[in-house]
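Inspection log for the structure reproduced underneath, given as structure tokens.
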Amino acid sequence: MALNIPGIIVMAGFYVLILGTGIWASMRSKKEERKCTGDGMEITLLAGRNINLLVGIFTLTATWVGGGFILGIAEAVYNPTLGLVWALMPVPYVLTFFLGGFFFAKPMRENRYITMMDPFQQKYGNVLSSALILPALVADVLWVARTLVSLGGTLSVILDLPYVYSICISSVVAIIYTLLGGLYSVAYTDVIQLILIFVSLWVCVPFLLTSPNSVDISLTSFNATFQPPWVGKLEAQDAGKWIDDFMVLAQVTCFASSAFCLVLGIPSILVGAVAASTDWNMTTYGLPTPYERGQAGSILPLALHHLTPHYISIIGIGAVAAAVMSSMDSALLSSASMFSSNIYKNICRKQASDREMQWVIRISVVVVGLAGTALTFLDNSVLVFWLVGVDMSYTIMFPQLVCVLFFKISNGYGATVGFFSGMVLRFMSGEPLINLPPLIHYPGCRLDAEGRLTQFFPFRTTIMLTTIVSILFFSYLASLVFSKGLLSERWDVFGISQEQGRKVVQAETKTPAVSKQLLDTSC
């Protein structure tokens, strides 16, 4: 097949625009650094905590509205075995933007944490927090791989561009502008990317809805035409799995951003609905259908390519590319911030200079970017990368974050037991997508439509709640053991007996604990 030259030119223009915005943002970052007498690392990772409110809303939204979001919703709606009822992403994102704003944002900002791992390091010490950082770093690398896979598949469909080229070019561009300006580059390029996502997708929708090869989606929503109704159905026996999937998605993602996520999810729903209402034999794609060929994951670019005019499909590819880039840069900066701040600065070299830290951040961005890019050549399934990353976050990291932020009783002993119990339970629960058989059969465990043994019980949520209970119970038990003198303080590797002693002294003298000195926000 010949390369789509006009499409490649448009994509080259898009990358030049994004890279130019990143360079401009990096110049602003350096300007802020020269004026500021504070910590240069904070400027790179948090933009000096000085991001404009509107820009902040855009970058928060763009972080989660990535290639997996856009392509995943369209795939779920189109897939005959799923349908709209299983296209869960928009609603949990809206819900959890509110929950995150109400519960998690306040303590994180009040304590002026730089990364999510800061509260663990302050409370549990360096050894345990290092173990807890590992799943978060792995999840970020998988996030990078997932976003690149979604882009590679899309570009290969519409531009006839080889998969390897599209992956490598996108990876290099994202790494470069993240390197140049840190959060400033990520934030301001996200503004451009989110605008492109919104405009491009909504421009494509009217052409899809009026395609002569597709039936009115309102007629196929509840009636089988070319395939089962695209709305789908939820059987009572599948309710547990639906709840579990909803809760897994809900923990991932403040208030204003929730509306953007909802609006940006609608075009993908319509794309999936149109694809499910299309007689593919009447298109240049022909039969068998995309689902029968195992290409349901690429239904959005396939629909754009075969159901819209050529120039419209090129506009649509810009939306997917923008979504991918907006998520990838956030993952790069997230992993770089955890490694540089929590491992290198706090453990390896506490005396590291500001200039040294800047180089550590840059090297971290490159390493994570290359690692994520390398993984894309091992598997081209967005779903596999998404599943592993999200599962680790939900069943292992989320319970730890809840306990460290909201339960003073939690300590290193409980966190350790919770960490290993969550890992073991998740492994023993199995996962059909990676051919891992379940050793634990929860109620409703049975073969799915594709003959794979699947858990239809909300087992991930069960593991998450079990992990929280384990952390709190064993934290209380350890505290009781040392406070009653059942074990000598010399066995207290996490130092909770010393912490209890300080609390007693403070209570008796009525002297408030001295808080850690915080950086000046005014710069």
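Assorted remarks:
- Taking the criterion of being within 29 Å of the chain's Cα centre (by Cα) and aliphatic (A, V, I, L, M), the residues of the range 215-243 that qualify are V231, L234, A239, I243.
- Of all residues in the range 409-418, those satisfying the criterion of being in a helix (DSSP H, G or I) and under 14 Å from V469 (Cβ atoms) are G414, A415, V417, G418.
- Among the residues here, L436 qualifies as over 28 Å from Q121 (Cα atoms) and at pLDDT below 90.
- Selection count, the range 399-419, where residues are in contact with a helix residue (DSSP H, G or I) (Cβ under 9 Å, 6 or more places away or on another chain) and either surrounded by fewer than 21 Cβ atoms within 10 Å (Cβ to Cβ) or not assigned by TED's automatic domain parsing to the domain that holds F459 (or both): 7
- Failed criterion for H306 (all others in (1) surrounded by 24 or more Cβ atoms within 10 Å (Cβ to Cβ); (2) closer than 17 Å to L71 by Cα hold): (1)
- Qualifying residue in the range 127-148 (condition: within 18 Å of the chain's Cα centre (by Cα), outside any helix (DSSP H, G or I) and surrounded by 21 or more Cβ atoms within 10 Å (Cβ to Cβ)): no
- Counting only residues that are surrounded by 14 or more Cβ atoms within 10 Å (Cβ to Cβ), of a type in the set (A, V, I, L, M), farther than 14 Å from T81 by Cα and at pLDDT 85 or above, the range 206-248 holds 4 of them.
- Test: residue in the range 191-205 that is at pLDDT 85 or above, surrounded by fewer than 21 Cβ atoms within 10 Å (Cβ to Cβ) and under 30 Å from T461 (Cβ atoms): no
- Exclusive hit being within 30 Å of A25 (Cβ to Cβ) and modelled with pLDDT of 80 or more, set S298, S334, S326, S340: S340
- Filter pass, V127 being among the hydrophobic types (A, V, I, L, M, F, W, C), in the same structural domain as D329 (by TED's automatic domain parsing) and more than 24 Å from D492 (Cβ to Cβ): no
- Of all residues in the range 111-140, those that are closer than 14 Å to Y394 by Cα and modelled with pLDDT under 80 have Cβ atoms under 6 Å from Cβ atoms of residues that are among the β-branched types (V, I, T) and in a helix (DSSP H, G or I), 6 or more apart or on another chain, in P135/I396.
- For the residues A449, A513, the requirement of being within 32 Å of the chain's Cα centre (by Cα), exposed (fewer than 11 other Cβ atoms within 10 Å of the Cβ), modelled with pLDDT under 75 and assigned to a loop (DSSP other than H, G, I, E, B) singles out A449.
The values are calculated or read from the model by the stated rules, or taken from the named source; none is laboratory data. It should be emphasised that the depicted structure is a prediction, and the values quoted were computed from it without experimental measurement. Because the Cβ atoms are built from the backbone with ideal geometry, glycine has one as well, and the counts that use them run over all protein chains shown.
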